[in-house]
Amino acid sequence: MLIDDLRAACADDWRAFTHHPFVQGVADGTLPEAAFREYLVQDYRFLVQFARAHALEAYKADTVEDLRWAAAAAAGIIEVEMRLHVEYCAQWGLDEAALEAAEEDPANTAYTSFVLETGVAGDALDLAVALAPCTVGYGEIGARLAADPATVRGEANPYEAWIAAYAGAEYQDGVRDAVERMERLHARHGSAARRDGLEGVFREAARLEAAFWQMGLDRA
């Protein structure tokens, strides 16, 4: 599968993202709460751009099936994921007005700009690969932390609900759906000549994901 090949080709950057100190702090409950709040604010701003990226996927679609998939993905972020994020942020003392008023951190802008610019310059496969580290990475992190006996549970870990959300069946089903779509796009548009370019896109997106975690730590 393409996703397995990409992760293997970018193994060091992938591990730096999925095993970042921010992630370890979530696992053992030691992450400073100020870092997590900053991450939550920026993640809301990221979701806005993530929805736009899926809208761009709809524009880039070359089949009606792909158009429907991308439109549904964009609508799901806007109507469901952003609402759930606002509700979760409220538990951390962050209301929707504060989320809307927040400015994007440069690390956030760098990441979302890369994804959108990749999609504008390339085709639907390029954009799907640029989006994959976020979707797939969070699913991998959630599943790994949920299964790891070393992960701190209960009241000792204020981030347990976050872990459960990304380990949950609904999110994991979404990951599989996104991967299957990327594989379909690769079957139609992929080639040996494109492999280095796709690996480069995936690697840069993984690096920018790691920088997103670091942003939260740096601004705590």
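Whole-Hz ³J(HN,Hα) for each residue in the stretch 171-179, computed from phi via Karplus 6.51 cos²θ - 1.76 cosθ + 1.60 with θ = phi - 60°, x for glycine and proline: what do you get?
These are the phi-based 3J(HN,Hα) values: 5, 4, 5, x, 4, 4, 4, 5, 5 Hz.
Would you be so kind as to identify which of PRO158, GLN214, ALA35 lies farthest towards the positive end of the dipole of the chain, taking Lys and Arg as +1 and Asp and Glu as -1 on Cβ and the Cα centre as origin?
So the residue we want is GLN214.
How far apart, in nanometres, would the label points at TYR59 and ALA75 be if each is projected 7 angstrom from Cα along the Cα-to-Cβ direction?
That separation, rounded to one decimal, is 2.0 nm.
Rg to Rh ratio, the chain, alpha-carbon atoms and Kirkwood radius?
0.95
Along the positive direction of the dipole of the chain (beta-carbon charges: Lys, Arg +1; Asp, Glu -1; about the Cα centre), which of GLY168, ALA97, ALA178 reaches farthest?
It is ALA178.
To the nearest 20 Debye, how big is the dipole of the chain about its Cα centre, given +1 on the beta carbon of each Lys and Arg and -1 on that of each Asp and Glu?
Here the chain has a charge dipole of around 380 debye.
Against the globular-protein guess of 2.2 N^0.38 Å, express the Cα radius of gyration of the stretch 49-109 as a ratio, rounded to two decimals.
1.36
Which of the peptides 72-85, 148-161 is most tightly packed, and how do the rest follow, going by the mean number of other Cβ atoms within 10 Å of each residue?
Working: 72-85: 15.6, 148-161: 12.8.
In decreasing order of mean packing, 72-85, 148-161 become 72-85, 148-161.
Could you give the dipole magnitude of the stretch 101-220 about its Cα centre, charging the beta-carbon of Lys and Arg +1 and that of Asp and Glu -1, in debye to the nearest 20?
Once rounded to the nearest 20, the dipole reads 360 debye.
With a point put 7 Å past each Cα toward its Cβ, work out how far VAL48 is from ARG176 in nm, to one decimal.
Here the modelled spin labels are 3.5 nm apart.
Sum -39500 (n - 2.57) across every DSSP H segment of at least 4 residues in the chain, then divide by the residue count to get the 222 nm mean residue ellipticity, nearest 500.
Values: 12 runs with 173 residues, N = 220.
About -25500 deg cm²/dmol.
The numbers here are math on the coordinates, done by the rules we state, and not lab data. Being a predicted model, the structure only gives us computed values, none of them experimental. Note that we place each Cβ from the backbone using ideal geometry, even for glycine, and neighbour counts take in every protein chain shown.
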